[in-house]
Amino acid sequence: MIRLDNVSKTFYQGNKKIEAVKNATLQVNKGEIFGVIGFSGAGKSTLIRCINFLERPTEGTVSINGVNLAGLNGAQLRATRRRIGMIFQNFNLLSSDTVFDNIATPLYLVNTPKKEIVRKVRELLNLVGLQEKESVYPAQLSGGQKQRVAIARALASDPEILLCDEATSALDPQTTDSILDLLLEINKKLNITIVLITHEMHVIKKICDRVAVMENGEVVEQGKVLDIFSNPQKPITRNFIKSIFDVNLPEPLLKKLESQQDPGKIFRISFIGDHVGEPVLAELVTKFSLHPSILYGNITQIKDTTFGTLIIQVTGSDEAIKAGMAYLEERELRIEVIPHAG
Amino acid sequence: MLAKYFDHFGEFGDLYGQALRETGIMVGYALAISTVIGLFFGVVLVVTRRDHILPNVVVYQVLNVIINILRSLPFIILMVAIIPITKWIVGTSIGIKGAIVPLVVYTAPYIARLMESALLEVDRGVIEAFQAMGATRTQIITRVLLKEARPALILGLTIGTIGLIGASAMAGVVGAGGLGDVAIRYGYQRWKPEVMVTCVILLVLAVQLVQSLGTWIAKRLRKR
Ligand SMILES: Nc1ncnc2c1ncn2[C@@H]1O[C@H](COP(=O)(O)OP(=O)(O)OP(=O)(O)O)[C@@H](O)[C@H]1O
Ligand SMILES: [Mg+2]
């Protein structure tokens, strides 16, 4: 549905060259929620702005439903943009218009008949839960309510795609969650493909199906959110995951374990979905005569899937440990050895 | 003493009436024309900037320089310097007609600058949101720039109008009359302090009125 092929965007400030996006290739499928995460200045905004050509890529191609945007003339590009809604960190509403008029903006732009506008705007007010606010001005709304108005406005032209540039970054955690729930609802109910960028892993974990991690203008890692969580490849990705659950054992504890008579081995076991709740530790004891002790446990929800992490210390003969872990891997649990301190 | 002051209205009342009318006509026409021209060039000065919706370095730079040149001339000099142009446009360089042309040449660039600074305050994010919605440039100018900047535009026009009232006081030089002319001819040259006082009071009142009106409208338009 959305394809970026080797997209680069370079800015020149005086004679300084800023490569905001370097060689980004990614594909967003119809109906999914695709997240892009990265630190400030990583190039996320530039990347998402390339999708509707607010920023023209210096190199590479952007295509929507197979149509290369670079080949469109002004009117065609505007028509395409109407199929792509966009919301922003700062909401970007017209301060001189009421909530109703703000939401109706995309319809006014193409001279939609008045009756149709009223019908559509009321429907959207309902969807975002702001029925009572239709004749109020943005200045009288809270941040969360302003973002709801912005979402309703973005949906007024019945887009297939919704781009969200840090849509929740100006909001408190509770409001963030309510906006994310709304985005999820829109995605499911209206089957709108969503691309969102954020610097918060929490946002990715809560609603995204797939994620791309950006660093210094490059997409360094991408894939299903579950895979990225259970098996991150790049240090920056691990850092982001650590920001919501820290699965590293404290150094003093590792030292203490090491000084034990039989330090055994330390493993991290990841459970995904149906495997959560299986009695694996008991099986290590009964089938392999191993002695597992639990050092850390965590269970969390990644969008629709439950994801558990367990760190255990196992003592027993080397062969038994090997066999035991092989058995767990056969059960499709992800096993990782954590080296002792030192 | 106050009674003596009021006595002079018997003699000068009609003169004041006519002077007010002349000032009103000069300022009214010059303001209307200058606003149209100033607003147009104000918009051009904003949208042709490098990072705006219709970037054009040449247009921007040329306009910028012309406005700076016009803005650096004091009104009294400008009025005399452009006499040939005034004659060519309205057929005469004296009287009210002859004063309106230099008043416009003086005020329009000023208003253009005032409109420019008002329009520059419009949130770039909103413009971007409109681009993302597929708005045309014309729609962005009318529906975002001019609309969002309305309170600031009104305040700018207020300042421009007050400047214009000030300049119009010098129009007596080309025989256009007005309050300033009465103040000079009667108050100063014929040494009638009561006339000078009245002219000053009338000018102060006019400026107060314009400023209050402008502030009031701007406040009503501001929705925050
Ligand atoms: N119009 C521009 N002109 C020059 N440099 C720019 C422009 N837009 C972005 N940049 C630069 O490109 C780099 C990436 O910016 P971008 O806004 O895409 O980052 P970001 O990941 O969205 O950051 P943030 O989380 O702070 O929003 C930055 O170094 C920025 O200064
Ligand atoms: Mg950004």
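Annotations
- Given +1 at the Cβ of Lys and Arg, -1 at the Cβ of Asp and Glu and no other charges, the dipole of chain A around its Cα centre is 1220 debye to the nearest 20.
- Span from the region B:107-167 Cα centroid across to the region A:297-312 one, whole angstrom: 54 Å
- Top positive-direction residue, dipole computed over chain A with Cβ charges, set A:Ile302, A:Leu47, A:Thr198: A:Leu47
- In percent, rounded to a whole number, the relative contact order of region A:251-337 is 38, using alpha-carbon pairs under 8 Å and six or more apart.
- Buried between A and B is an accessible area of approximately 1900 Å², summed over both sides with a 1.4 Å probe.
- Estimated FRET transfer efficiency (B:Arg71, A:Ser40; beta-carbon r; R0 41 Å; 0.05): 0.50
- Look at the dipole of the protein assembly as shown built from charges on Cβ: of A:Ala282, A:Gly223, A:Ile272, the Cα furthest out on the positive end belongs to A:Gly223.
- Which listed pairs, of A:Lys44/A:Lys206; A:Lys9/A:Lys234; A:Lys16/B:Lys147; A:Lys255/A:Lys322; A:Lys9/A:Lys189, have C-alpha distances above 26 Å, in listed order: A:Lys16/B:Lys147; A:Lys9/A:Lys189
- Values of log10 I(q)/I(0), in the order q = 0.08, 0.10, 0.11 Å⁻¹, for chain B under a Debye, Cα-only, solvent-free model: -0.37, -0.55, -0.64
- Across chain A, the mean sequence separation of Cα contacts (distance under 8 Å, 6 or more residues apart), normalised by length, yields a relative contact order of 18 percent.
- P(r) weight above 18 Å for region A:251-337, C-alpha pairs, percent: 43 percent
- Cβ-defined net charge surrounding B:Arg190, 14 Å radius [Lys, Arg +1; Asp, Glu -1]: -1
- Loop-resident chymotrypsin sites (Phe, Trp or Tyr not before Pro) (DSSP state other than H, G, I, E or B) in region B:96-200 with no more than 15 further Cβ atoms inside 10 Å of their Cβ: B:Trp191.
- Using alpha-carbon coordinates, inclination of helix B:150-168 to the longest axis of chain B, degrees: 30 degrees
- Approximate spin-label separation B:Leu20-B:Lys87, in nm, with each point projected 7 Å along Cα-to-Cβ: 3.7 nm
- Each 20 Å bin from 0 upward holds the following percent of the Cα-Cα pairs of the protein assembly as shown: 17, 34, 25, 15, 6, 2, 0.
- Annotation note: chymotrypsin sites (Phe, Trp or Tyr not before Pro) in region A:1-50 located in DSSP loop regions with a Cβ neighbour count of at most 15 within 10 Å are A:Phe39.
- When DSSP beta bridges are restricted to pairs lying wholly in chain A, around 70% turn out antiparallel.
- Across region A:2-242, Cα-Cα distances exceeding 23 Å account for 50% of all pairs.
- Relative contact order [Cα under 8 Å, 6+ residues apart], chain B, whole percent: 26 percent
- Think of chain A as having a plus end and a minus end, set by charges on the Cβ of Lys, Arg, Asp and Glu; of A:Leu328, A:Thr176, A:Ala104, A:Ala104 sits farthest toward the positive end of this dipole.
- Cross-link partners for A:Lys115 among the lysines, with Cα-Cα distance under 20 Å and sequence neighbours closer than 8 places in the same chain left out: A:Lys133.
The values are calculated or read from the model by the stated rules, or taken from the named source; none is laboratory data. Predicted, not measured: the structure shown is a model, and the values here were computed from it. Positions of Cβ are generated from backbone atoms using ideal geometry, with glycine treated the same way; all protein chains shown enter the neighbour counts. Surface areas here come from the heavy atoms of the whole protein model, side chains and all, with no ligands, DNA or RNA. Shrake-Rupley method; radii C 1.70, N 1.55, O 1.52, S 1.80 Å.
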